[in-house]
Amino acid sequence: MTVHHAAGVGYQRSAGVYERSRPSYPMAALAELADALPLQAGRTVVDLGAGTGKFTRLLALTGAHVLAVEPVAEMRARLSELLPGVTVTAGTAEATGLPDGCADAVVAAQSWHWFQEADALAEVERLLRPGGALALVWNTYDTSVPWVRDFQDIYFRLAPRDLPSPLDDGWRGAFAGRRGWSRIQERHWANPHTTTVTDVVERMMSSSHVAVMSPAEQERVRAEVLTVLGSHKATRQPGSIEMPYTTDVYWVRRG
């Protein structure tokens, strides 16, 4: 299995912190997808790049049979521990190892930008039954808030040039001119996440490209994040703070 170095090594090192420091998703987003795909008892959904199961656990609430695919062993172990009723398998989005036509829907939450899109889309087409659908979900920072903008600026300044990102909408290109797919539909929800300054720092430290740094480099990053957070009134206060995210949901149907 081929996985981007930052994801394969970074998430291997930070699976536990990844689970603690990241938000879930609005129930409204789940309800929208459950109606649109649809997801219900008697149907099967494949969750690509399932990670520690942040979205997997919501998919399980629909009553659909969930097949979670995750290439990083440490992530799979955490997912299996948290969701013993979900079928978890090693694989990539490009080579899941699942049988042809096994899915009514495929979902990728916080993961599609890591994939080799043409190969992943071909694999999705192989997995889906006629009329099946693909949904892509991301939590993104609401950078209209000054401290969040400064926090994200650190993230991107440290990122290697080949680090994938969903923010440029480049993923849409894989569907351009590709036959057999409906037009992309989308919805967006505010997703405020109650957290602490400590967990905001850990959110940065568990980012894939930071987690692969040397301990000395990581300490420099930690110090910079703390300096930025300390310069804003909203993140200088003790106790809980609100980290504003936007949940972006896209879905497209296979003819």
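The values are calculated or read from the model by the stated rules, or taken from the named source; none is laboratory data. Every value quoted in this text rests on a predicted model; they were computed, and no experiment measured them. Counting neighbours? That spans all protein chains shown, and the Cβs are built from the backbone with ideal geometry, glycine included.
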Give, as residue ranges, the helices (runs of 4 or more DSSP H) completely inside the stretch 207-248 that count at least 3 residues that are of a type in the set (A, V, I, L, M, F, W, C) and in contact (Cβ under 8 Å) with a residue 24 or more places away in the chain.
215-230
Would you confirm whether any residue within the stretch 149-156 is modelled with pLDDT of 90 or more, outside any loop (DSSP other than H, G, I, E, B) and basic (Lys, Arg)?
yes
Does TRP138 count as at pLDDT 95 or above, in contact with a Ser or Thr (Cβ under 8 Å, 6 or more places away or on another chain) and of a type in the set (A, V, I, L, M, F, W, C)?
yes
Qualifying positions in the stretch 50-64 - more than 19 Å from PRO38 (Cβ to Cβ) and hydroxyl-bearing (Ser, Thr, Tyr):
THR52
Subset of the stretch 38-55 [within 25 Å of HIS193 (Cβ to Cβ) and either crowded, with 24+ Cβ neighbours inside 10 Å or among the hydrophobic types (A, V, I, L, M, F, W, C) (or both)]:
LEU39, VAL45, ASP47, LEU48, GLY49, ALA50, GLY51, THR52, GLY53, PHE55
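Per-residue answers, yes or no, for (1) buried (at least 16 other Cβ atoms within 10 Å of the Cβ); (2) out of contact with any His (no Cβ under 6 Å at 6 or more places or on another chain); (3) on the phi < 0 side of the Ramachandran plot:
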site	(1), (2), (3)
MET204	yes, yes, yes
VAL210	yes, yes, yes
ALA223	no, yes, yes
SER231	no, yes, yes
GLY239	no, yes, no
VAL252	yes, yes, yes
Of those in the stretch 131-144 that are among the β-branched types (Val, Ile, Thr) and not in a loop (DSSP other than H, G, I, E, B), the residue surrounded by the fewest Cβ atoms within 10 Å (Cβ to Cβ) is THR140
Can you tell me which residue is nearest to LYS54 (Cα to Cα) among those in the stretch 160-195 that are basic (Lys, Arg) and surrounded by 11 or more Cβ atoms within 10 Å (Cβ to Cβ)?
ARG187
Residue count, the stretch 145-170 (criterion: closer than 20 Å to ARG22 by Cβ and either in contact (Cβ under 8 Å) with a residue 24 or more places away in the chain or in contact with a Lys or Arg (Cβ under 6 Å, 6 or more places away or on another chain) (or both))
14
Among residues of the stretch 157-188 being of a type in the set (Lys, Arg) and assigned to a loop (DSSP other than H, G, I, E, B), the residue farthest from LEU128 (Cα to Cα) is ARG161
I'd like to know if the stretch 110-123 contains one or more residues that are surrounded by fewer than 19 Cβ atoms within 10 Å (Cβ to Cβ), small (Gly, Ala, Ser) and at pLDDT below 95.
yes
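How many of the residues making up the stretch 3-30 are in a helix (DSSP H, G or I) and modelled with pLDDT under 95?
So the answer is 16.
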In the stretch 77-130, how many are within 15 Å of the chain's Cα centre (by Cα), part of a loop (DSSP other than H, G, I, E, B) and more than 17 Å from THR44 (Cβ to Cβ)?
4
If a residue must be under 22 Å from ASP248 (Cβ atoms) and assigned to a loop (DSSP other than H, G, I, E, B), how many such residues does the stretch 31-57 contain?
10
From SER231, SER214, SER208, which residue is of a type in the set (Ser, Thr, Tyr) and under 17 Å from the mean Cα position of the chain (by Cα)?
SER208
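Report, by residue number, each residue of the stretch 58-76 that is part of a helix (DSSP H, G or I), modelled with pLDDT of 95 or more and surrounded by fewer than 16 Cβ atoms within 10 Å (Cβ to Cβ).
LEU61, the sole residue that qualifies.
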